[in-house]
1. Does B:GLY110 satisfy being small (Gly, Ala, Ser) and touching a Ser or Thr at 6+ places or on another chain (Cβ under 6 Å)?
2. Pairs please, first residue from the stretch A:130-147 and closer than 19 Å to B:ARG250 by Cβ, second anywhere and among the basic types (Lys, Arg) and surrounded by 23 or more Cβ atoms within 10 Å (Cβ to Cβ), Cβ atoms under 7 Å, 6+ apart in sequence or on different chains.
3. If A:THR118 satisfies all but one of (1) in the same structural domain as A:PRO155 (by TED's automatic domain parsing); (2) out of contact with any Phe, Trp or Tyr (no Cβ under 6 Å at 6 or more places or on another chain), what's the number of the condition it fails?
4. Residues being more than 10 Å from every other protein chain (Cβ to nearest Cβ) and assigned to a helix (DSSP H, G or I): count how many of those fall in the stretch A:248-258.
5. Counting just the residues of the stretch A:146-170 that are within 25 Å of B:SER241 (Cβ to Cβ) and touching a Pro at 6+ places or on another chain (Cβ under 9 Å), which one comes out surrounded by the most Cβ atoms within 10 Å (Cβ to Cβ)?
6. Just to check your reading of the model, which residue among B:ALA260, B:ALA251 is in a helix (DSSP H, G or I), among the small types (Gly, Ala, Ser) and within 24 Å of B:THR163 (Cα to Cα)?
7. Need at least 2 residues that are within 14 Å of chain B (Cβ to nearest Cβ) per element, so show me which helices (runs of 4 or more DSSP H) inside the stretch A:128-216 make the cut, counting only ones lying wholly within it.
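The values are calculated or read from the model by the stated rules, or taken from the named source; none is laboratory data. A quick note: this is a predicted structure, and the numbers were derived from the prediction, not measured. A quick note on method: Cβ atoms are made from the backbone with ideal geometry, for glycine too, and the neighbour counts reach across all protein chains shown.
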Amino acid sequence: MSGIEAADASGINGAGLIGDANPLRPRNTILKRYCLIAGFASVVLVLTAHVFVFQTDWARTGGLGQMLKTAAWFLPNLGYFPSILLALFETFLIALFGTLIGMVIAIPVAVLAARNVTPAGLASYWAGRVTIVLSRSVHELIFALIFVSALGLGPLPGMLALAVRSVGFLAKTTAEAIENIDIGPVEAIEATGARRIAVLLFAVMPQVFPIFVGNVIFQFDINIRRAAILGMVGGGGIGLIFAEQIMSLAYDRAGTVVLGVVAMVLLGEYISIRIRSWLL
Amino acid sequence: MAVGEHGITVDDARRDYRRFVNLGRLIKFIALLLFCIFAVWTAWYMNMPLERLSGMFGRIGTMVFNRMMPPDLDYAMTGNVFYSILETIEMSFLGTVYGVLLAVPVAWFGAWNVTPSRTICYPLGRAALVLSRAIPPIIWAMILVVILGFGPMAGTITLVLLTLSFAGKLMSEQVEAIDMGPVEAIRATGAGEIKTFVYAVLPQVKAAWIGIIIYNWDSSFRASTILGFVGAGGLGLYLRSTTQLLDYERAMGIILVVIALVIASEILSHFARRRIR
């Protein structure tokens, strides 16, 4: 609610100006609104002071000049670039297969979590919902930590962490799409005496397929970014190299890795745009 | 034998149809086969220990139900950890507020249809959106920790960039989808770029933008729980120290607190979105 007032408060809202002159609006509503704006602004001010003044060691951070000097350490060292290409490729593969495994797991979860097709009433509905919430609220690094301790270091736990993390978004959007389908085809297929699985395959799936594919591509796009950090906890990919370069204070090499990640993300975005226009 | 209009028999037509169906199936089959080969090659290339998968569920079960149980919730309520939970919420709030303040002009500049100048402002806005999106938040956080030092300031600025990348992109897409009629009408009165934006663009996108901002606060809160992992403030720091000490009961306590907070924020944003509708 304070977020809504925030948008109004920051003067980006033209309607507020009209509101002052509007005789139809009671005066105390305007007053209430200004009080809310003032309250919100003071909360922001106090928190800002807390974080940026009291919680920051300005003696260590230095002024703007010092910051720019530190930032310049990150200027990429292009000679290092060829040696990270293989790690980038590995990261890309982790993202790709993580998304695909997640896609396979997400389909049954979506069926469970869609109110109109869930097989066993409330029990299976809530099972699906809880899976979605767990997958969405735990960060991929935590999943990677769990899988690394179960499978050892390497890209396999990273892939599974991405897969489990992707299930939430994919199943949630797909379940919503299933809940919004046109019921006509379902009734038509049911009238032929088809079994439940046939109804799902021939009445539900064709309707949600384009939405599902679009979301899988979107998720792949996100997973490329996620895969780039999994190496920090032993999940394979470029993240390990980045963490190593930061820890050994080789900031120019870290900058090169960042450049590589940017290139990979942009390439992934280009590929997903092409696949989207080809498939949909 | 039935003969069609152009002297094509039904059998001919069926054969033609079959040929294309079979061709389609063949292409699909070959694609699937190539993909399977690619998957197997990937597993081989990355030395994946697939044989370990069989015991995976047992080991995860042991870890989650023996070593992480019972979760040490008391630890999550001790002074420093509880303070870091508040700090996480504070960071996500400030990050969203300042991120939105930054995202509004960027979304305006980066929208092709109403951008103040297509040669200067549009590329600037686009570059800001693409660059902030291309670098993952944790990497931003690590860079900013080096530049700004440990603490919530680096985390807050990371979240500002996350908001800019995420909300900024969605907001500028909304602007590109507006009806241009009001824009032309306001321009025809001789209004400048800023007045055009305030009176023609904003009223059209306001509702969608507020929805995006609420959703963004939700996702920046999720991201903020992990930033402490690299020293950028918040409760990620305690998550890292407990997992590195293999103190999984305490780690699970923190993870449960994170899950509870994320669910709470989701419920809060659900009601906020319902209220504006």
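1. Working: small (Gly, Ala, Ser): yes; touching a Ser or Thr at 6+ places or on another chain (Cβ under 6 Å): yes.
In short, yes.
2. If the second residue must be among the basic types (Lys, Arg) and surrounded by 23 or more Cβ atoms within 10 Å (Cβ to Cβ), the pairs left are A:PHE143/A:ARG165.
3. Against the list (1) in the same structural domain as A:PRO155 (by TED's automatic domain parsing); (2) out of contact with any Phe, Trp or Tyr (no Cβ under 6 Å at 6 or more places or on another chain), A:THR118 comes up short only on (2).
4. Just the residues of the stretch A:248-258 that are more than 10 Å from every other protein chain (Cβ to nearest Cβ), to begin with: A:248, A:250, A:252-253, A:256.
Next, from what is left, pick out any that are assigned to a helix (DSSP H, G or I): A:252-253, A:256.
Looking only at that region, the number is 3.
5. Among them, the one singled out is A:PHE147.
6. Values: B:ALA251 fails: within 24 Å of B:THR163 (Cα to Cα).
Exactly one of B:ALA260, B:ALA251 is in a helix (DSSP H, G or I), among the small types (Gly, Ala, Ser) and within 24 Å of B:THR163 (Cα to Cα), namely B:ALA260.
7. On the way: elements: A:140-151, A:155-179, A:183-191, A:196-199.
Output list reads A:140-151, A:155-179.
Residue-by-condition table, conditions (1) at pLDDT below 85; (2) closer than 18 Å to B:ILE157 by Cα; (3) touching a Pro at 6+ places or on another chain (Cβ under 8 Å):
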{"site": "A:LEU45", "(1), (2), (3)": "no, yes, no"}
{"site": "A:PHE52", "(1), (2), (3)": "yes, yes, no"}
{"site": "A:GLN55", "(1), (2), (3)": "yes, yes, yes"}
{"site": "A:ALA59", "(1), (2), (3)": "yes, no, no"}
{"site": "A:LEU64", "(1), (2), (3)": "yes, yes, no"}
{"site": "A:PHE74", "(1), (2), (3)": "no, yes, no"}
{"site": "A:ALA87", "(1), (2), (3)": "no, no, no"}
{"site": "A:THR91", "(1), (2), (3)": "no, no, no"}
